[in-house]
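This report concerns only the one structure given below.
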Amino acid sequence: MLITMVTFFAGSQLARSSKNIDQSLMGQGTGVNAVRVENPQLLNAPRSSKIKSSGIVLAQSGAEDFRTRGLAGRNKSNPSSAESGDASDFMNQKGPLNKKQLQDLVQLAVKSTNPIERRKAFDRLLEEMRSATFTYEQAMTIRHAMHLGGADGEQWRTFDYAWGANDPASAVAEIDKIPEQYRRGFTSNMLPGLASVEPRTAIGIVESMEGELRQHMTGRLLEGLADYDVGFATDYVFDMAESGDPNASQYMRRLAKEVMETAGFEGGVEWAESLQEGALQAAALRSVANEYANNDPQAAAQWAEQFVDKEQNSRLFGEIVREWGNQEAASAWVNSLEPGQGQRDALSAVYGHRGATSPEKALKEIQAMPQSSDKDFALNGFISGLAHQDGEAAVEWAAEIAMPGMREAAMVRAAKQYYRQDRQATQEWFVASGLPAESWRQIVSSK
Amino acid sequence: MNRNLFPHIIWILVASISFILGYKFFPAGDGRSAKPVGLEQGDLSLADGKSLKREGKGVSSQQGKGAGSEIGRDALSEKKTLSDLEIESLGEKLKESTNPIDRRLAFSQLLQGLTAENALLIRDQIKDFDAGSPEFKEFHYAWGSIGGTDAIMFGVDTVEPDMSPALSGWASSDPQKAIAWFESLDMENDSSFDPLLKDRKMKAEDLRNHLMGGLVQGLADTDPDLAMRFVQEVLDSGNKAAHGMMHAPISAMIRTSSPLEAAQWASQLEEGFVRNQAMSRTADHFARKDFEAAKEWAESVSSNDGAERVIGPVTKNWASRDPEAAMDWVSSLPEGKAQHSGTWAALNGWAGKDPAAASDYLANMPDSEMRNVAISGFSDRLVWENPQAAMTWANSITSDEMRNDALTRVGRSWARKDPKAASDWADSTPGIPLTIQSEIDNARSKQRKN
């Protein structure tokens, strides 16, 4: 009797242990996950091979899983109603998901017509990715299924971000493994996730790149650095400026947008105002002004007035005018501003709008102005608006600007549009324009 | 010897059976009854190191009950009761977390805990989302699916476009009731709509069409055929607003079915505008997903009614890679509308890829109806690169009717691209047909107005 009971008990226990062999690893994994969030730097260390080889039994399943069955048997409604029973069984399963389950979830996340169901299925995959038992094989199963199912761009961005954030080592290794045609897209998506947990690894990757690729990836990097720590990201942009990066202001504007996205508009204003005065703060304030004017132009205008005597911040006034839906109100505001660089920049923006919408009327107003820097700024804005529809007239009016530097820049700007409209005529105009030969390169450049 | 062995055999047998019974039928715990493993929603670690579990038991304590629930049949059936505090805490994470995945999962938890009773509090948490964002729309969709008219009519007093997604949600969960409610609407005589019609001066017809868009989207989500029938009826009643709505069921079919099934579904629709649109879109999708299969299918239906809607997109896809092979294939098809559609598409695509080679090909074609169609497709594309050459080619079409049509189309495109140049050309070219002159004049006057 004793032997019977002992063998029964032994069988029972053995069954349990073999069923839960993968799940038993989760206990260790949870600890790793906690470390991952609280001390991201530790993730630079290689992950435990035990955790990565969780030994999940992967069911074989091919592309056929994504095909519904024949016309007669097609789902009258969406896969959520007819097919998702399978996925629903493990939607709330707490343990690791096998290959078939991952594929079914991806199918639901991509194919269901019910947006709530798509979200829930995709979120289950994201939760799986946060699990410490998440493996490279699982990541590839999901990616393959997403590819077959036709996942949208947002799903790819989210998945790649999550991979970079949750399993940095294998996500970084994937950069070299992924086929060339997908490398840029994958790196661009994954980088912010990586930077959100391992900022220095992400910075190292971007700094090993060159040219346009590096410029693009720096923008993505900043998104992730802002997720990691806004202060860290800000310091990084200041460091780039100090080392002479010509795009630092552009990066600061990008960072400002990211800060506003995560910290909200008020948080963005607070952050931008707290920055050290100078060109980078001006770039951040311009982004903030743009967003502010988009939401509430009156309030933005009032807020901007504190910067009216600060020349480096003059461009934010133009930003507000450009975003102000009611151009009459914008114009009245510009006229009420104290004379200065900010007011002139705003004036330029007012005439930029008028040049595009009512050029004849705008021109009469400008012609009635006495010769002054205000008139130059008005003309400068006017030709920007006009050039898109009449490059020929724009280049002629640009030549009327009295300030030499502004005149040349305006002529080149107008000529770029003119060149798109009529190459031959632009060439002829250029010969007689008096512009230096190197301006031609700027005119024909697509940027 | 045998007698000595017999008791041992018996106890070994009993022990083996016990072991098998224990192993097979009575495993000690199944992992679910043991301490939960893996991630619970309430356990999601957030960037700030906090856990929802610390802030309230509700979320995680309900989690286990939902295991294995029928989320597929009703995305919201798995309810997790959220306290007000939990809702506000999730809302805070939604706003403040710097990690987009955390924000996403916090939003999902709010949706899962959504009930008719707590909908307003949850809406308060998502009010900062842009009205065009998926989160804003999905919240109202989810609310509509459980709240019906309450969720829809809440939107009467808000400035955001939340009525339409709420109606979509309701239509997806209870299509017949949603249709009945919509059809019984008498907004002009219903004071509940006064904030929109009287205060905000919306036109009842515009509001009705706006709501109808939401209704069709929800119907398409649950039953594309029903949605298509509904759209067809609206079109038959003379409401042209339904033209844009047919794309919801077509998109739903493309999303949920294989490319072949979607194409077959489209071809079986009632003949007319809706079927034409559905066939073109599904054929285009089919060709992009699996060109060889799409070509095979297109061949098999090339003599059928409406086949031109299939041949055109398939040929265009092919021509973007190998225009000559595409033209060879089109030439082998039965003569008729489908062949013409393919010819137009092949030369149209070819003109975009290599206009010089395409013009050489045209120059060597014998005069025929097929050549006229080919020139038509070629000049329709060429106008964006070289409008004057496109006009010259269009003018060489030997069929009077086809030539006039082609010249009018090319003139219209040219006038859109560069009204001044088109007008100068028209002024300096004697004998231009009136239709072309008026297209150019229209485009020029439109631009002046803008």
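Values quoted throughout were computed directly from the atomic coordinates according to the rules given, and no laboratory measurement underlies them. What you are looking at is a predicted structure, and each value in this text was computed from that prediction instead of being measured. Please note: Cβ atoms are built from the backbone with ideal geometry, for glycine as well, and neighbour counts cover all protein chains shown.
Within the stretch A:278-307, list the residues whose amide N lies under 15 Å from a label point set 7 Å along Cα→Cβ of B:ASP130.
A:290-296
I need the peptides A:357-366, A:156-165, B:433-442, B:198-207 ranked by packing, meaning the mean over residues of other C-beta atoms within 10 angstrom, with the highest value on top.
Details: A:357-366: 14.9, A:156-165: 24.6, B:433-442: 16.7, B:198-207: 12.5.
The packing order, highest mean first, is A:156-165, B:433-442, A:357-366, B:198-207.
Pull out the extension gain between A:SER274 and A:GLU242, defined as 0.36 nm times the separation in residues minus the alpha carbon to alpha carbon distance; nm, one decimal. Display every interim value, and only then the final one.
Values: separation 32, 0.36 × 32 = 11.52 nm, distance 1.88 nm.
Gain on extension, A:SER274 to A:GLU242, equals 9.6 nm.
If each of B:ILE17 and A:GLN327 carries a label point 7 Å out from its Cα toward its Cβ, how far apart are those two points in nm?
It is 9.5 nm.
Tell me, what is the Rg over Rh of the stretch A:354-422, with Rh the Kirkwood radius over Cα pairs? List each step's numbers first, then the result.
Working: Rg = 10.9 Å, Rh = 11.5 Å.
Here Rg/Rh amounts to 0.95.
Using Cβ contacts closer than 10 Å as the measure, can you line up B:HIS140, A:HIS144 from fewest to most?
Values: B:HIS140 31, A:HIS144 15.
Sorted ascending by nearby Cβ count, the order is A:HIS144, B:HIS140.
Determine one quarter of the surface area of the Cα convex hull of the stretch A:208-285, which equals its mean projected area, and express it in nm² to one decimal.
Working: hull surface 18.8 nm².
The orientation-averaged projected area of the Cα hull of the stretch A:208-285 comes to 4.7 nm².
Partner chain Cβ atoms within 10 Å, averaged over the residues of A:418-425 - can you pull that number for me?
Details: counts 0, 0, 0, 3, 3, 0, 0, 0.
What the average comes to for A:418-425 is 1.
Which value, in nm² and rounded to one decimal, describes the direction-averaged projected area of the C-alpha convex hull of the stretch B:215-259?
On the way: hull surface 11.4 nm².
Taking a quarter of the hull surface, the average projection is 2.8 nm².
Using a basic spin-label model with each label point 7 Å from the Cα along Cα→Cβ, how many nm lie between A:ASP176 and B:ASN442?
Label-label distance for A:ASP176 and B:ASN442, simple model: 6.1 nm.
For the stretch A:126-204, report the convex hull volume of the alpha-carbon atoms normalised per residue, in Å³, without decimals. Write down the numbers at each step before the final one.
Details: hull volume 7.0 nm³, N = 79.
Enclosed volume per residue, from the Cα hull, is 88 Å³.
What shape does the stretch A:306-354 have by the C-alpha gyration tensor, where a ≥ b ≥ c are the square roots of the eigenvalues, rounded means a/c under 1.5, and otherwise prolate means a/b greater than b/c and oblate the rest? List each step's numbers first, then the result.
Values: a/c = 1.93, a/b = 1.63, b/c = 1.18.
Because a/c hits 1.5 or more and a/b exceeds b/c, the stretch A:306-354 counts as prolate.
Please report the Cα spread of the stretch B:367-450 along all three principal axes, rounded to whole Å, starting with the longest.
Computed over the Cα atoms, the extents are 42, 24, 17 Å.
Roughly how crowded by other chains is peptide B:102-111, in terms of the mean Cβ count from those chains within 10 Å of each of its Cβ atoms? Working shown, then result.
Details: counts 5, 1, 7, 4, 0, 2, 8, 1, 0, 4.
Counting other chains' Cβ atoms within 10 Å and averaging over B:102-111 gives 3.
Cα atoms only, the stretch A:163-240: Rg and Dmax in Å?
11.7, 35
Can you give the translational diffusion coefficient of the stretch B:91-209 in µm²/s, computed by Stokes-Einstein from the Kirkwood radius over Cα pairs at 4 °C and 1.567 mPa s?
Numbers: Rh = 15.0 Å.
Here the translational diffusion coefficient equals 86 µm²/s.
Can you give me the Rg/Rh ratio for the stretch A:310-447, using Cα atoms for both radii and the Kirkwood formula for Rh?
Numbers: Rg = 14.9 Å, Rh = 15.1 Å.
Rg divided by Rh gives 0.98.
Kindly state, to the nearest 0.05, the FRET efficiency for B:SER237 paired with A:ASP152, given R0 = 35 Å and r defined as their beta-carbon distance. Don't skip to the end; give the middle numbers.
Values: r = 34 Å, r/R0 = 0.98.
E between B:SER237 and A:ASP152, to the nearest 0.05, is 0.55.
Quick one: Karplus J couplings for the stretch A:389-399, per residue in order, coefficients 6.51, -1.76, 1.60, θ = phi - 60°, nearest Hz, x for Gly and Pro?
Per-residue couplings from phi come out as 9, 8, x, 4, 5, 4, 5, 5, 6, 4, 5 Hz.
Going toward the positive end of the dipole of the stretch A:310-447, with +1 on Lys and Arg Cβ and -1 on Asp and Glu Cβ, which of A:ASN335, A:TYR419, A:MET406 do you reach last?
A:TYR419
About its Cα centre, what dipole magnitude does the stretch A:310-447 give when the only charges are +1 on Lys and Arg Cβ and -1 on Asp and Glu Cβ, stated in debye to the nearest 20? Please report the intermediate quantities before stating the final value.
Numbers: 15 positive and 18 negative charges, 64 e Å.
The dipole of the stretch A:310-447 has a size of about 300 debye.
What is the packing order of peptides A:372-384, B:342-354, taking the mean over residues of other C-beta atoms within 10 Å and listing the highest first?
Working: A:372-384: 22.8, B:342-354: 24.9.
By packing density, highest mean first, the sequence is B:342-354, A:372-384.
Along the charge dipole of the stretch A:227-373, Cβ charges K/R +1 and D/E -1, which of A:ALA301, A:ALA284, A:ALA263 sits furthest on the positive end?
A:ALA301
Averaged across B:256-265, how many Cβ atoms of other chains sit within 10 Å of each residue's Cβ atom? Numbers along the way, then the final one.
On the way: counts 15, 8, 8, 1, 4, 9, 3, 1, 3, 2.
Taking the mean over all residues of the peptide, I get 5.
For the stretch B:220-377, take the alpha-carbon Rg, divide it by the Kirkwood Rh, and send me Rg/Rh. Mind showing how you got there, number by number?
Values: Rg = 16.7 Å, Rh = 16.2 Å.
Answer for the stretch B:220-377: 1.03.
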